[in-house]
Amino acid sequence: MDAYDTGSGARHGPADEPRSPEGGAGPRPALPAAGDPADAAPPPTPYDLPAPHGTEPRTGVAALSLGYQIGAALALAIVAVTVCVHLGMTFLHVAPANAVTKQHGKAIDDWIYPEFEQNWKLFAPNPLQQNIAVQVRAQVLTADGTVRTTGWYDLSAEDGRAIDGNLLPSHTQQNELRRAWDFFVATHGTDNRPVGLRGALSETYLRRIVVMRLDRDDAAGSDGSVERVQVRSRTTSVRPPKWSQEQVSDKPLYRELPWWSVTPADLPGGDR
C-alpha cells in the first residue's frame, strides 16, 4: 500500500499529532517535567517556622530584668511575712489566755488595737439596736483674742453622706470614728474616767481624730485656732418592725465628755 492509498488505515502524517482549532496541526503543549521547581510548594515564611527549642518568649516575672525580679521577690516576701504575723497576732488575741499571751500581751495589744480589734456583737443573740452618732464642738481662739464656741458637728452624719452611694467606701469612712468611740467607751466608766491602762490611749486617739475632722471642716476659719474640743454621743433606738410589739423610746440620749485641751501633737502634721 503506497502513500496514495485511501482508507481508514492510510497514514496522514505523524501519528496522533494534535491539531490546531482550525484543523491544522499545532505545537504540542509542553508538560512540566517531574521535579520542576515551579510546581513545588512555596517555601515557608519565617513566621511559619517553629521556634527553636528553648527560645519560647518569657512571660510574667520571668520577663523582668534581674533587678526587677529581685524587687518583686522581696515585695512578695514582705507581704507574706506581714500576713503571717497578722494572722498569728489575731489568733493569739482571740485565743484563751496562755503562756505566750501572758508574756507578750502588750505587744499583741499594740498590734491589734484599735484598728484590728475583734468585735463579735454581730453574731450575738441580741445585736445592737441603736444608732450612735459622734458629735464634736470646739472653742476657737480668733485673731483678735476672743474665744468663740462652734456649734455641734455631726461627724457620723458626715461619714454617712460620704458612704451613701459610694460603691467602694474606704475603711476610714466606715470604721475609724465608730471604732474610736467604741474603744473609748470600753476603756472608760460611766463617769468618763479611764479604766485600765488603755484609757489614756483611747482618749488621745479619739481627740486626735475629732481635731483632724474639725480642721477638715475649717471650724476655726482662716484666722483662728482650735484650743479645746468637746465630744458627745447621740444615741437613738432603732424602730422595731411593724409586726413586733416591742416598745422603744424615740427620745435621743446624750453622753457629753469633758472639754479636752488641744496639744500641738493633736494637730494635723504635729509632732508625735
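The values are calculated or read from the model by the stated rules, or taken from the named source; none is laboratory data. Small disclaimer: the values here were computed from a predicted structure and weren't measured. Glycine gets a Cβ as well: all are built from the backbone with ideal geometry, and neighbour counts include every protein chain shown. We work out accessible area using only protein heavy atoms, side chains counted, and drop any ligands, DNA or RNA first. Shrake-Rupley method; radii C 1.70, N 1.55, O 1.52, S 1.80 Å.
Which one is surrounded by the fewest Cβ atoms within 10 Å (Cβ to Cβ) among residues in region 168-210 that are among the basic types (K, R) and either in a loop (DSSP other than H, G, I, E, B) or within 25 Å of the chain's Cα centre (by Cα) (or both)?
Filtering region 168-210 down to residues among the basic types (K, R) leaves 178-179, 193, 198, 207-208.
So of that shortlist, the ones also either in a loop (DSSP other than H, G, I, E, B) or within 25 Å of the chain's Cα centre (by Cα) (or both) come out as 178-179, 193, 198.
Working: R178: 16, R179: 19, R193: 9, R198: 18.
Checking each candidate, the answer is R193.
Residues G221, G269: which one is on the phi > 0 side of the Ramachandran plot and more than 32 Å from the chain's Cα centre (by Cα)? So that I can check it myself, show each step before the final result.
Numbers: G269 fails: more than 32 Å from the chain's Cα centre (by Cα).
When all the criteria are applied, what remains is G221.
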Output for region 242-258, where each listed residue is more than 24 Å from A133 (Cα to Cα) and open to solvent by 70 Å² or more (accessible area, probe 1.4 Å) | K242, W243, Q245
Subset of region 154-165 [open to solvent by less than 60 Å² (accessible area, probe 1.4 Å) and either under 16 Å from E227 (Cβ atoms) or not in a strand (DSSP E or B) (or both)] = L155, S156, A157, E158, D159, G160, A162, I163
Within region 223-241, can you find the residues that are open to solvent by 60 Å² or more (accessible area, probe 1.4 Å) and either modelled with pLDDT of 90 or more or part of a strand (DSSP E or B) (or both)?
-> E227, R228, R234
Pair list, Cβ under 7 Å, 6 or more apart: region 69-93 residue more than 26 Å from P114 (Cα to Cα) and at pLDDT 95 or above, other residue open to solvent by less than 60 Å² (accessible area, probe 1.4 Å) and of a type in the set (K, R) = none
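Would you check if S261 is open to solvent by less than 60 Å² (accessible area, probe 1.4 Å) and more than 13 Å from V136 (Cβ to Cβ)? Talk me through it step by step, then tell me what you get.
Numbers: open to solvent by less than 60 Å² (accessible area, probe 1.4 Å): no; more than 13 Å from V136 (Cβ to Cβ): yes.
Criteria not met by S261.
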In region 212-222, the residues that are assigned to a helix (DSSP H, G or I) and in contact with a strand residue (DSSP E or B) (Cβ under 6 Å, 6 or more places away or on another chain) | L214
